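The values are calculated or read from the model by the stated rules, or taken from the named source; none is laboratory data. Computed from a prediction, not measured in an experiment: that's the story for all the values here. As a convention, Cβ positions derive from the backbone with ideal geometry for all residues, glycine included, and neighbour counts pool all protein chains shown. Just the protein is used for accessible areas: all its heavy atoms, side chains included, with ligands, DNA and RNA removed. Shrake-Rupley method; radii C 1.70, N 1.55, O 1.52, S 1.80 Å.
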Amino acid sequence: MRERLENIRTEALARIAAAESEDELREIRTGLFGKKGAITQATKMLGRLPAADRPQAGGLVNETRALLERAWEDKNSALGAEALAARLRRETIDVTLPGTVLPAGRQHPLNMVIADIEDIFLGLGFSIAEGPEIETDYYNFEALNLPPDHPARDMQDSFYITEELLLRSQTSPVQIRAMEKMCPRLPVKIIAPGKVYRNDDDATHSPMFHQVEGLLVDKGVRMADLKGVLLCFIREMFGPEREIRMRPSFFPFTEPSAEIDVSCMFCGGDGCRLCKGTGWIEILGSGMVHPRVLTMGGYDANTVTGFAFGVGVERVAMLKYGIDDMRLLFDNDIRFLRQF
Ligand code: DAH
């Protein structure tokens, strides 16, 4: 037994020392410790020895196994280190070369304007409400005091999906949804930004565009509150020198209704090409919430009043950034979008 183990040891040590690759080493390992490996066989043979000889022989086997395992591990790490060193010698990375520059995206001017509007009204204590873009005829028109066949529906020539469902033509339906949600609590004080859709397409109209709706319902809300809030909004948006004026107008969901003009931000009100010489630029529609609309929202029109307004985001963006064609906002031309 002793002799046999000595032979195994001498031969194995020589082979381990001579091994040149990790593959070769793996083979040697199987030859020693695998199922039919020399050390495994020697261990099995122990059982056939007379009981008196076993302890000594067993000690010898263990000693040999430990010695060979250590020799194998040492060689294995040495070969691994060598392989790594060789790879590092081959690989030449020039860390001073410029890296690959990934183009960074940025916010779309329309989203910048929406974020600005939200900031201003959040600062005035309004919350942000949302409504669906696929809306029912009821919310988009009827609850807003536009019964079927009302001529004001024509101005919002709309995309119908069924007779009852359409792509909303204005954000005003969110007024009704917000009131239904809040009723009977007061105040209802929301803005509702979002996409709206109309059958329009030219340099100043797009079939999809954005509006921000505003609604304040409470006890004792007056037209002066509407004017104060809108003046604050306009000055935050276009600068502290801006003035506003209210012109009588008509919307079915407000009474009275007022169109809001802002003093021209291009000429300061003297009159120029952009304000067509008037010094004023039309910016949004507004008014005192019609009693019928308050009732549709669930409120008692005898005890509460409210104001509402609707502003076109594209129009604000065009005025703020001096953009003269609305289509530029939707072309996705990176040269245009990079300017903001
Ligand atoms: N919904 C109107 C439109 O799209 C805009 C509007 C006008 C909204 C007056 C209002 C309002 O809330 O009071 O033309």
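Is at least one residue of the stretch 163-175 farther than 16 Å from residue 311 by Cβ, hydrophobic (A, V, I, L, M, F, W, C) and more than 32 Å from the chain's Cα centre (by Cα)? No, that holds for no residue. Here the stretch 144-195 is the region considered, the condition is being of a type in the set (Val, Ile, Thr) and part of a helix (DSSP H, G or I), and the residue that is surrounded by the fewest Cβ atoms within 10 Å (Cβ to Cβ) is 176.
Scanning the stretch 55-68 for residues that are open to solvent by less than 70 Å² (accessible area, probe 1.4 Å), touching a helix residue (DSSP H, G or I) at 6+ places or on another chain (Cβ under 9 Å) and not aliphatic (A, V, I, L, M) yields 58, 64, 65. Among the residues of the stretch 323-337, none qualifies, meaning not one is free of Cβ contacts under 8 Å to residues at least 24 places away in the same chain and over 32 Å from the mean Cα position of the chain (by Cα). Among the conditions (1) surrounded by 15 or more Cβ atoms within 10 Å (Cβ to Cβ); (2) under 25 Å from the mean Cα position of the chain (by Cα); (3) acidic (Asp, Glu), residue 137 misses just one, which is (2). Has the stretch 298-307 got any residue that is open to solvent by 10 Å² or more (accessible area, probe 1.4 Å), under 27 Å from residue 337 (Cβ atoms) and either away from the ligand (no atom under 16 Å from the Cβ) or assigned by TED's automatic domain parsing to the domain that holds residue 186 (or both)? Taking every residue of the stretch 298-307 in turn, none turns out to be open to solvent by 10 Å² or more (accessible area, probe 1.4 Å), under 27 Å from residue 337 (Cβ atoms) and either away from the ligand (no atom under 16 Å from the Cβ) or assigned by TED's automatic domain parsing to the domain that holds residue 186 (or both). One residue is enough: does the stretch 256-278 have a residue meeting the conditions within 12 Å of the ligand (Cβ to nearest atom), open to solvent by 70 Å² or more (accessible area, probe 1.4 Å) and either out of contact with any Pro (no Cβ under 6 Å at 6 or more places or on another chain) or in a loop (DSSP other than H, G, I, E, B) (or both)? No, that holds for no residue.
Being away from the ligand (no atom under 15 Å from the Cβ), assigned by TED's automatic domain parsing to the domain that holds residue 142 and part of a helix (DSSP H, G or I) is a property that holds for residue 236.
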